[in-house]
1. What number comes out for the charge environment of T232, summing +1 per Lys or Arg and -1 per Asp or Glu over other residues with Cβ under 14 Å away?
2. Counting Lys and Arg as +1 and Asp and Glu as -1, each charge on the Cβ, what is the dipole of region 139-211 about the Cα centre in debye, to the nearest 20?
3. With a 10 Å radius around each residue's Cβ, average the other Cβ atoms per peptide and rank 251-257, 96-102, 80-86, highest first.
4. Calculate the dipole size of region 78-182 relative to its Cα centre from +1 charges on Lys and Arg beta carbons and -1 charges on Asp and Glu beta carbons; express the result in debye to the nearest 20.
5. Take the Cβ-Cβ distance between D134 and Q189 as r, set R0 to 25 Å, and report the resulting FRET efficiency rounded to the nearest 0.05.
6. If the limit is 29 Å between Cα atoms, which of K89/K109; K40/K180; K177/K208 go over it?
7. What residues from region 136-160 fall in the zone where the backbone N is under 18 Å from a label point 7 Å along the Cα-to-C-beta line of K177?
8. Based on alpha-carbon centroids, what's the gap between region 81-158 and region 160-237 in Å, whole number please?
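Here, each number is a calculation from the coordinates, and none is a lab measurement. These figures come from a predicted structure and were not determined experimentally. Positions of Cβ are generated from backbone atoms using ideal geometry, with glycine treated the same way; all protein chains shown enter the neighbour counts.
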Amino acid sequence: MLAGKASPALGEVVGAYHLEQRARGVSPHTARAQAGDLDKLLDHALRAQWGSWEVSPRTLRGFALELGDRGLDPASQARILSSARGFFKWLWETQRIQQNPASGLKNPKQVKRLPAFLTEGESQALLDLEPSVDFPSSRLACLLELLYASGLRVSELVGLDLQDLYPEQRTLRVLGKGRKERLVPFHAQAASILDTYLGFRSSFLAAKALAASPALFLNQRGGRLTATSVRTLLRSALEAAAVRSRVSPHALRHSFATHLLNRGMDLRAIQELLGHASLSTTQRYTHLGLEELALTYEKAHPRAKS
């Protein structure tokens, strides 16, 4: 960090902010990201010879413009400016500054990217990749099937416990972003694949003489499978199925939403299944639906080929 190079008037205040953030229970990942972002702000302040953190909105906009001049993508700029806004809000709330110069600081315009997704054929090839013959293969098959059947995030998938399964109703209780619970259905084929995995899971624990675990998905030591491990497994499966490159495991969630929309499901129902707080987030998938509609139109309209 650059705090060691800063004057007490600047660097020590940043250090005090980090200490308070940690005391508030901010996650290590968030703390590291904030530290990196505020290092950039601190570096700029030192080079621009700010005498204190009491600066004008115009002076602070100079930092925002520098981020763009350095060629950072809009998403990175937005994250750094978000950290800066949080820092200046804290400075103002703790009466270290008289006015908050970051209150009107806006993010750069974001480039809207359509989420990557698999075609129905690619999804089928991925899900039919490997028969369930043992614990690892049945686990992989179940991971893939539930991601596509229920549109789960990877983090939601690994957070599932056995008590979150309602097999008779074919429903999962999912803990989503903001610790909001939702119930998500899964189809009969997914239920069969899940049942097969649970059988291998029980045999695996017994053969290894491992203690029972509440987690649905286990690693080779009997503990909860991590999101990082799941992403590694899924990337390998995507490669083995010869699915297009640069498609992330999250693409199964996007595919779930896109295919349901293309087959006529209401957008608000998809919003509920995905656990989106805002319908505008779900509306990204309407663009993909319109692309599919345009292709169908081109093939079907008598005058389209002329």
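1. +2
2. Values: 10 positive and 7 negative charges, 54 e Å.
Magnitude of the dipole: close to 260 debye.
3. Numbers: 251-257: 23.7, 96-102: 16.4, 80-86: 19.7.
In decreasing order of mean packing, 251-257, 96-102, 80-86 become 251-257, 80-86, 96-102.
4. Charge dipole of region 78-182: 1220 debye, to the nearest 20.
5. 0.80
6. Beyond 29 Å between Cα atoms: K40/K180; K177/K208.
7. 151-159
8. Cα centroid to Cα centroid, the span is 20 Å.
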